[in-house]
Amino acid sequence: MPPRAENSKRVALILRGPPGAGKTTLIKSLLAARSAAGETCARAHLDDGWGPGEVRRQGSGTPAKRYHDLVQRPETLLVVDLALAEPEFAQIPEPGASRAPNDWVDLLKKERDIVLVRLRVPWVVSEQRIRQRQPIQWFHPWGHAVISEDAWRFADTVGLPEVLIDATRAEAAVLQDVAALLPAVVQSTP
């Protein structure tokens, strides 16, 4: 595993993985633990905002405007939740957060140290978890292929090392692995 992020700046944890990998559960647990220890934390969900007329669409302006929820955040820890964030799922051909990651990662690099993590689960596990969470009609098996490591070279594109974590293990073990990549809790100043 790469070394912990530096303490010199605020940190952005970019947490990637397919639907059902456990990102939401992990983020809730991580933010609760860090907040309880006195750190200011927030979550930004990049899969939101890609519909017609919504803020992440290219017609909405510059990357700084589209990704306003990522920049100039006061929290010491910002967790960026990314499954796919591609408007092509809504039949819109423009590149989204996965195919044009430098649009938003470059904004984060100016303000924060970045830790890039991808949760890995087999497709059958992902599908099972999603169906347990809610029976849905739109489930697309091809979605996992789009999100798979062969579909794009996210880490190479943004020039950052990515830590792969097996998310089929117990939640506590996954949480421990992710927490070990982050700097010690930074106490908020009143």
- prompt: Is at least one residue of region 48-59 at pLDDT 85 or above, on the phi < 0 side of the Ramachandran plot, in a loop (DSSP other than H, G, I, E, B) and surrounded by fewer than 18 Cβ atoms within 10 Å (Cβ to Cβ)?
  reply: no
query: Considering ALA12, ALA32, ALA83, which residue is buried (at least 16 other Cβ atoms within 10 Å of the Cβ) and modelled with pLDDT of 85 or more?
result: ALA12
query: What number goes with the only condition from (1) part of a strand (DSSP E or B); (2) closer than 27 Å to THR168 by Cβ that ALA42 does not pass?
result: (2)
statement: When every residue in region 90-115 that is in contact with a Phe, Trp or Tyr (Cβ under 8 Å, 6 or more places away or on another chain) and among the hydrophobic types (A, V, I, L, M, F, W, C) is compared, the one modelled with the lowest pLDDT is ALA90
Test: residue in region 22-39 that is more than 30 Å from PRO122 (Cβ to Cβ), outside any loop (DSSP other than H, G, I, E, B) and either in contact with a strand residue (DSSP E or B) (Cβ under 6 Å, 6 or more places away or on another chain) or among the β-branched types (Val, Ile, Thr) (or both): yes
- prompt: Which residues, taken from region 16-26, are under 13 Å from VAL79 (Cα atoms) and surrounded by 20 or more Cβ atoms within 10 Å (Cβ to Cβ)?
  reply: ARG16, LYS23, LEU26
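The values are calculated or read from the model by the stated rules, or taken from the named source; none is laboratory data. Since the model is a prediction, treat every value here as computed from it, not as a measurement. Every residue, glycine among them, receives a Cβ derived from its backbone with ideal geometry; neighbour counts consider all protein chains shown.
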